[in-house]
Each structure stands twice: as C-alpha cells, then as structure tokens.
Amino acid sequence: MSETNKLSAAAAEQAVGVQASVQDANAQLFASLMNAPNKDPSAVSTESGDAYYQKLVGKKFISPAECDKLMAEGKDAIDPNNTFTVDDLPKNHRYYKEGDMITLDMDESRLNVVLDKASSVCQKVYWG
C-alpha cells in the first residue's frame with residue numbers, strides 16, 4: 001500500500017471515529033433535554049388556575065415600541081381588560097410569537113409568553 005493510501009485510510013478511520021463521538025454527544029444532549037423539566041410548553045402552566053394564565057391569555061400584547069408610539073401620539077389605547085405590556089410581566093420573562101426560534105435553555109423562574117404570529121394575542125404561558 002502506498003504512503004498516500006495509508007494516510008487516506010488513517011484519515012478515513014479518524015473521521016469515522018470523530019463522527020461517532022459527535023453522534024454520542026448529540027445523543028447525550030438529546031437525552032438530557034428530554035429529561036429537562038418543562039420540556040413540553042403545551043403541557044405546562046396553562047391551567048386556568050395559574051395567575052399569569054388568567055391575566056394574559058386572550059389579551060393583545062402591546063410592545064414597548066408600540067407603547068411609546070401611542071404615548072407620543074397622545075393616545076391612551078392600552079385597555080387593561082384587553083391588552084397587556086411588559087410591565088404586566090415578571091422581571092424574568094420572555095415573549096415570542098408562535099414559530100419563532102427560541103433557545104432551549106430552561107430557567108424555572110422565567111415566564112414564557114407565546115403570542116399569535118399575526119395578532120400578538122397571548123396564546124399560552126409557561127414557566128421554564
């Protein structure tokens with residue numbers, strides 16, 4: 001076997017070993033995520049007894065930029081019966097629209113607020 005073929009065979013063996021290591025690491029990460037608390041947002045903290053569920057679900061979210069714009073125009077369109085702002089959320093929160101990419105880190109003290117993509121109406125809330 002030529003020197004070049006020996007090097008190619010060694011490189012191929014090494015690549016297979018690296019690929020197996022990456023697959024093992026990915027499997028371990030996936031297993032840890034599957035065992036993480038609150039892994040399924042649709043199954044967590046959406047009970048009607050949750051205070052934030054009652055306070056937010058079904059109401060339109062008014063972003064800080066929208067609030068500033070309304071105030072600059074002299075409008076008082078923030079109806080607490082039908083809307084909410086970041087001031088209504090706990091200090092540790094995250095809001096996003098359905099389908100947005102989010103990080104998978106879990107923080108039991110963080111309230112996640114899921115908004116409708118088109119209307120910004122709160123669809124669900126969960127901790128994690």
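Residues in region 115-128 that are touching a Ser or Thr at 6+ places or on another chain (Cβ under 9 Å) and at negative phi: Lys124, Val125, Tyr126, Trp127. Considering only region 60-103, how many residues are in contact with a Lys or Arg (Cβ under 9 Å, 6 or more places away or on another chain) and touching a residue at least 40 places away in the same chain (Cβ under 8 Å)? Looking only at that region, the number is 0. Looking at region 52-63, which of the residues that are open to solvent by 60 Å² or more (accessible area, probe 1.4 Å) and part of a helix (DSSP H, G or I) is farthest from Lys91 (Cα to Cα)? Across region 52-63, the extreme among qualifying residues is Gln54. If you filter region 86-128 down to residues that are over 13 Å from Gly58 (Cα atoms) and hydroxyl-bearing (Ser, Thr, Tyr), you find that the one that is least open to solvent (accessible area, probe 1.4 Å) is Tyr126.
The values are calculated or read from the model by the stated rules, or taken from the named source; none is laboratory data. Model, not experiment: these values are computed from the prediction. Here the Cβ is made from the backbone with ideal geometry for all residues, glycine too, and neighbour counts use every protein chain on show. Heavy atoms of the whole protein, side chains included, go into the accessibility calculation; ligands, DNA and RNA do not. Shrake-Rupley method; radii C 1.70, N 1.55, O 1.52, S 1.80 Å.
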